[in-house]
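S.K.: Before anything else, here's the structure in question.
Just so it is clear, none of the values below were taken in a lab; they were calculated from the coordinates. On a predicted model such as this, the values are computed, not experimentally measured, just so you know. Every residue, glycine among them, receives a Cβ derived from its backbone with ideal geometry; neighbour counts consider all protein chains shown.
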Amino acid sequence: MANIVAIVGRPNVGKSTLFNRLIEQRMAITDNVSGVTRDRHYGESVWTEKYFTVIDTGGYVVGSEDTFEGAIRDQVAMALDEATVVLFVVDTMTGLIDLDNDFANVLRRSKKPIIVVANKAETFERQSLVAPEFYSLGMGEVFPISSTDGSGTGELLDEVVKHFDDDGVENPDDGIPRISILGRPNAGKSSFLNALLGKDRSIVTDIAGTTRDSIDTHYKLYGNHFILTDTAGIRKKAKVQESIEFYSVLRSLKAMENSQVCIVLLDAERGLEAQDMHIIAHAHNAKKGIVIMMNKWDTIEKSSKTADQMKKEILERLAPMNYMPMIFASALHKQRIFQVIEKAMEVYENRSLKIPTSKINDVMLPHIARTPPPAVKGKYIRIKYIMQLPTPSPTFVFFCNLPQYIREDYERFLRNKLRESFGFEGSTITVLFRKK
C-alpha cells in the first residue's frame, strides 16, 4: 500500500461513484441520500502498470444533524494522513459552495498533493463552467470528469500517477488470504476489528446498521499478512426495508464469497439464534473456512463449566455443521481476540491441506472395510479407491461400483472419518462418488 489515493469532499458530490469507477467494481454503495458512506473504504486499482490503493471517505460536513458527523470527519482525517495523493471532489451541478471553501482550507493544512476533481461534468456546458469557479480555489489545475460514464478519468489518472514514488508494478493483493468478519447487526464486528488494529478503523456505535460497506484492512500478525474485511450486519430479508441496507447485505455476502475464511461473531448475551444459523449456513454452502467467535463473553455470569456447556449446546444445534472451532472472547476488553485470528489462520492452512493419495487409501480403506456402505436392494457397494481433488476446499472422490446407492448418512460417516484422521478443523469437506 505504498501508493494511496484518497477521495474526499462534501456529501453527495459523487465520491463513491468515482471510487467504484477507479477500482472497476461496484464495491461502494451509492445513493442520492446524503451520508451513505461512513467508514474509510479501500480498493485496489492500476493505471499504466502502476498499482495503487484508493480510499473512499464519507462526506465532510460541519454543523449537521447527522449522528455520525464527528466520526466521519475523523475517518477523513485518517485517510488524509495515509494518502500519497488527495482527490478533492467538487460538484459542477451545484457549483462552489461555502462548505467546499471551508474544506479546502482543511486540505491545504495537510500539505499533500491535492488534485481538484470537478465531477458530474457530463455536458460541454458544465465543463465550460469549471474554469472560472473552481480555479478560484487556488489549488492548481481542475480536472472535469464524469464518474458516472468515466469521461475525463484517464487524464485525471495520468496526473495522479505522476505523484507516485515508485512504479508499483506488483498487485498488493496477489496471494494474500482474505478473512471476512460476519454476523448480525450489533454483534461487535467493527469493535473486534478496531481492537485488533488498536485504532478506530470502523465507526462504532450502538445503532444497528452503522457499518454499511464491506471494509478491507491489510493486517499482519506473527509474520502472517492477510486482509480482514469488516462487513455490515446481516439480518432476515423480511426485516430489510431500506435500499441502502439491502445493498449492505449484498456487499457482506459478496465479501464472504471473496474470502477463504469467515469469522462469525455471536452475541453471548443472545446465544445462537436462527439468523446466526443462516449466516453460518451461507458460509458452509460456499465452502468457506469458519471460526465462531462468541463475543461479549465478559458480560456473562459464568462458572468454570459455562463455556464448555454452551459450546456443546451450540454445536449440537448446528449439526451436521458442527466442525468449526469456537472461541469465547470480548472485543471490548481485547480478551482472546488474537486467539481468534490465530485460529482463523489455522483454518486457512487446514483448508488448503493436501493429503497424498497413498496415505488417504492406507487410512480410509480399513475404516470402510470395518464399516462398509449398507447394501441397497440386495446389492453390495464396494469402495475401491480414494483421491483428493486439487480444489480450493478439501474435496475427495470415492470410486466405487454403485455410486448412486450411497446414502447421505454414509457420506457423513466418511466426512467424519476424514476429519478424525486428517484434521481439517473449521473447513468444509466435500465427498463425491464416481463409478470405477
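S.K.: If a paramagnetic tag sat 7 Å from the Cα of Lys435 along the Cα-Cβ line, which residues of the stretch 393-421 would have the backbone N under 19 Å from that point?
M.R.: Counting backbone N atoms under 19 Å from the label point, the list is 397-407.
S.K.: By average Cβ neighbour count within 10 Å, what is the ranking of 145-152, 378-385 from highest down?
M.R.: In decreasing order of mean packing, 145-152, 378-385 become 145-152, 378-385.
S.K.: Could you calculate the contour length gain from Tyr385 to Glu269, that is, 0.36 nm times the residue separation minus the distance between their Cα atoms, to one decimal place in nm?
M.R.: 37.0 nm
S.K.: Per residue, what volume in Å³ does the convex hull of the Cα atoms of the stretch 263-322 enclose?
M.R.: 75 Å³
S.K.: Non-local amide H neighbours of Leu266 (under 5 Å, H modeled in plane, Pro and chain starts lacking H): which ones?
M.R.: Result for Leu266 returns Met293, Met294, Asn295.
S.K.: Taking 7 Å along the Cα-to-C-beta vector as the label spot, tell me the Tyr222-Glu349 distance in nanometres, rounded to one decimal.
M.R.: According to this spin-label approximation, the distance is 0.8 nm.
S.K.: Could you state the orientation-averaged shadow area of the convex hull built on the Cα atoms of the stretch 323-391, in nm² to one decimal?
M.R.: 7.6 nm²
S.K.: May I pose another question? Going highest first, how would you order 416-424, 366-374, 335-343 by mean Cβ packing within 10 Å?
M.R.: Put in order of decreasing packing, that is 335-343, 416-424, 366-374.
S.K.: Can you compute the modelled spin-label distance between Thr299 and Thr123, with each label point 7 Å from Cα toward Cβ, in nm?
M.R.: Reported label-point gap for Thr299 and Thr123 is 5.3 nm.
S.K.: So between Leu365 and Glu408, what do we pick up on full extension, going 0.36 nm a residue minus the alpha carbon distance?
M.R.: Here the segment from Leu365 to Glu408 would lengthen by 13.6 nm.
S.K.: Also, I was wondering about something else. Where does each of 83-90, 48-55 land if you order them by average Cβ count within 10 Å, highest first?
M.R.: 83-90, 48-55
S.K.: Using 7 Å Cα-to-Cβ label points, what is the Ile97/Met139 separation (nm, one decimal)?
M.R.: 1.6 nm
S.K.: If a/c stays under 1.5 just call it rounded; otherwise compare a/b with b/c (prolate if a/b is bigger, oblate if not). Do that for the stretch 331-436, with a ≥ b ≥ c from the square roots of the Cα gyration tensor eigenvalues.
M.R.: prolate
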